[in-house]
Amino acid sequence: HGKDVLNHKTAKLEQTKPKATNFLTWEEFERLFYYEFKPEESHLELTRDRFCFCFCCATSLRHSDMQILKKADFDDYDNPTSFSFVSKKTHDELTIFLNKYSKAIYQKYKDIPTKDGLMFPPKSNQKMNDNLKVIAEKLGFTRNITKMQFCGKDRIDETHRLCDIIGTHTARRTFVVHALEMGWSPQLVMTYTGHEDYDSM
């Protein structure tokens, strides 16, 4: 079949276009980070701090890695500058340096007893996502995000409010976007995120 194979014309397929990335603007991140929850909203405060979102936004952690992060992973109990761990998804050993946001959250939780020495009390990804949607609507994160993709030749546009589609992975995207905006090289960002190539990152 040599000549037939060489002369075969493959039909041109429509590539899926890049989707809109949902992430927090810097103003939204700081509004979330500094928001003071009421005493009866402690479950939302824990979600914010873990997600934080303010911790994940500041360190690039996946939810699955945050679930297994231990206090012993930090280089110094009282005044850490970094933590090292093995990623649950990729099995890569990563070292992540703390900034003022992640360090503040560490200090807030380091003396709270947890099972097996975990950094944060465990919470399911679904529960985190549910709580994040409540928090985002509460803080007015209602700007529209339009996702555009193709199914064959048909273009499909979907518009959603940020508060309706926010999730734990939004934190990781937030880290990447702002690290690049601040002038980090993609290679440096990938040492934090664990991505193996530029396209994935």
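The values are calculated or read from the model by the stated rules, or taken from the named source; none is laboratory data. All of these numbers come straight from a predicted model, not from anything done at the bench. Glycine also receives a Cβ, built like all others from the backbone with ideal geometry; neighbour counts cover every protein chain displayed. Note: areas computed on protein heavy atoms with side chains; ligands, DNA, RNA excluded. Shrake-Rupley method; radii C 1.70, N 1.55, O 1.52, S 1.80 Å.
Here is a list: Leu61, Leu24, Leu6. Which entry is open to solvent by 80 Å² or more (accessible area, probe 1.4 Å) and either over 16 Å from the mean Cα position of the chain (by Cα) or at pLDDT 90 or above (or both)?
Going through Leu61, Leu24, Leu6 in turn, just one is open to solvent by 80 Å² or more (accessible area, probe 1.4 Å) and either over 16 Å from the mean Cα position of the chain (by Cα) or at pLDDT 90 or above (or both): Leu6.
Cβ-Cβ under 6 Å, sequence separation 6+ or interchain: first residue in region 144-155 and touching a residue at least 12 places away in the same chain (Cβ under 8 Å) and surrounded by 10 or more Cβ atoms within 10 Å (Cβ to Cβ), partner outside any strand (DSSP E or B) and hydrophobic (A, V, I, L, M, F, W, C). Which pairs?
Pairs that qualify, where the first residue is touching a residue at least 12 places away in the same chain (Cβ under 8 Å) and surrounded by 10 or more Cβ atoms within 10 Å (Cβ to Cβ) and the partner is outside any strand (DSSP E or B) and hydrophobic (A, V, I, L, M, F, W, C), are Ile145/Ala20; Ile145/Leu162; Thr146/Ala20; Lys147/Ala20.
Just to be sure, is Tyr77 of a type in the set (Phe, Trp, Tyr), without any contact (Cβ under 8 Å) to a residue 24 or more places away in the chain and open to solvent by 20 Å² or more (accessible area, probe 1.4 Å)?
On the way: of a type in the set (Phe, Trp, Tyr): yes; without any contact (Cβ under 8 Å) to a residue 24 or more places away in the chain: no; open to solvent by 20 Å² or more (accessible area, probe 1.4 Å): yes.
Judged against the criteria, Tyr77 is not a match.
Which members of region 80-130 meet the condition of being outside any loop (DSSP other than H, G, I, E, B) and of a type in the set (Lys, Arg)?
Initially, region 80-130 is screened for residues outside any loop (DSSP other than H, G, I, E, B), giving 82-86, 93-97, 100-109, 115-118, 125-130.
Selection gives Lys100, Lys103, Lys108, Lys115, Lys127.
Hey, can you tell me all the residues within region 28-68 that are in a helix (DSSP H, G or I) and among the charged types (D, E, K, R)?
Start the filter on region 28-68 by keeping residues that are in a helix (DSSP H, G or I), which leaves 28-34, 39-51, 54-59, 63-68.
Hits for region 28-68 are Glu28, Glu30, Arg31, Glu40, Glu41, Glu45, Arg48, Asp49, Arg50, Asp65.
For every residue, the table says whether it meets (1) open to solvent by 60 Å² or more (accessible area, probe 1.4 Å); (2) at positive phi; (3) in contact with a helix residue (DSSP H, G or I) (Cβ under 9 Å, 6 or more places away or on another chain); (4) touching a residue at least 60 places away in the same chain (Cβ under 8 Å).
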{"site": "Gln107", "(1), (2), (3), (4)": "yes, no, no, no"}
{"site": "Lys110", "(1), (2), (3), (4)": "no, no, yes, no"}
{"site": "Asn129", "(1), (2), (3), (4)": "no, no, yes, no"}
{"site": "Thr168", "(1), (2), (3), (4)": "no, no, yes, yes"}
{"site": "Arg172", "(1), (2), (3), (4)": "no, no, yes, yes"}
